Ligand SMILES: Cc1cc2nc3c(=O)[nH]c(=O)nc-3n(C[C@H](O)[C@H](O)[C@H](O)COP(=O)(O)O)c2cc1C
């Protein structure tokens with residue numbers, strides 16, 4: 001669902017979302033918080049990184065919503081799904097797609113397009129398997145002290161959700177952070193931390 005440019009500009013004026021001028025908004029379905037999952041101990045026992053993706057199998061919007069909510073959504077206590085130092089909540093989560101770069105606005109449960117650029121290539125120069133994964137998350141921060149901790153909490157949540165849903169994922173640091181910084185239109189005090197691919201496994205993971 002797309003809102004008008006007017007509502008987008010209004011949101012930007014009110015300070016909702018990224019410090020960018022979103023040109024397009026995609027409302028996400030509400031995450032289903034009542035679904036049955038394996039026990040936490042079982043998820044921890046089976047979590048792993050996967051690097052061979054089935055490029056024909058895409059992630060639907062419901063699953064995308066739940067992945068993003070797991071990473072950094074708002075929970076019923078009005079808190080994030082992860083703890084943040086001093087409750088600063090200054091991490092940002094972006095989704096890279098072929099049609100552009102999207103900012104995850106958790107308060108509005110929506111994606112806000114910040115660029116038409118296909119930036120996926122900036123994550124894949126050193127590991128081409130990445131190009132087969134249908135979903136690419138980028139975690140950024142302006143907190144040089146705690147930002148990495150926040151990203152770690154978020155990507156572990158995604159690992160657990162992915163394991164529960166039979167999805168494949170891997171967290172990755174081998175990315176072009178400078179190119180991504182520019183593509184994501186980050187401010188000088190912000191930086192790219194890590195990239196996480198999510199999709200469906202094609203075969204047994206063999207790369208370690
Ligand atoms: C901070 C961090 C950066 C990583 N960067 C990469 C990466 O660039 N490429 C990759 O294929 N795996 C990357 N990994 C995944 C690790 O290689 C993986 O977690 C490790 O081999 C253990 O495997 P497991 O996750 O299945 O337990 C990274 C993991 C972490 C925590």
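Residue 155: buried (at least 20 other Cβ atoms within 10 Å of the Cβ), under 30 Å from residue 35 (Cβ atoms), within 12 Å of the ligand (Cβ to nearest atom) and touching a residue at least 40 places away in the same chain (Cβ under 8 Å), yes or no? When the stated conditions are applied, residue 155 passes them. For region 162-208, the set of residues classified as modelled with pLDDT of 95 or more, within 13 Å of the ligand (Cβ to nearest atom) and assigned to a loop (DSSP other than H, G, I, E, B) consists of 173, 174, 175, 176, listed by residue number. The residue that is surrounded by the most Cβ atoms within 10 Å (Cβ to Cβ), counting only those in region 164-184 that are under 16 Å from the mean Cα position of the chain (by Cα) and farther than 23 Å from residue 55 by Cβ, is 184.
Remark: residue 121 matches the filter, which requires a residue to be free of Cβ contacts under 8 Å to residues at least 24 places away in the same chain, in a helix (DSSP H, G or I) and more than 16 Å from residue 199 (Cβ to Cβ). All conditions in (1) loosely packed, with under 13 Cβ neighbours inside 10 Å; (2) more than 16 Å from the ligand (Cβ to nearest atom); (3) in a helix (DSSP H, G or I) hold for residue 36, with the sole exception of (3).
The values are calculated or read from the model by the stated rules, or taken from the named source; none is laboratory data. Being a predicted model, the structure only gives us computed values, none of them experimental. As a convention, Cβ positions derive from the backbone with ideal geometry for all residues, glycine included, and neighbour counts pool all protein chains shown.
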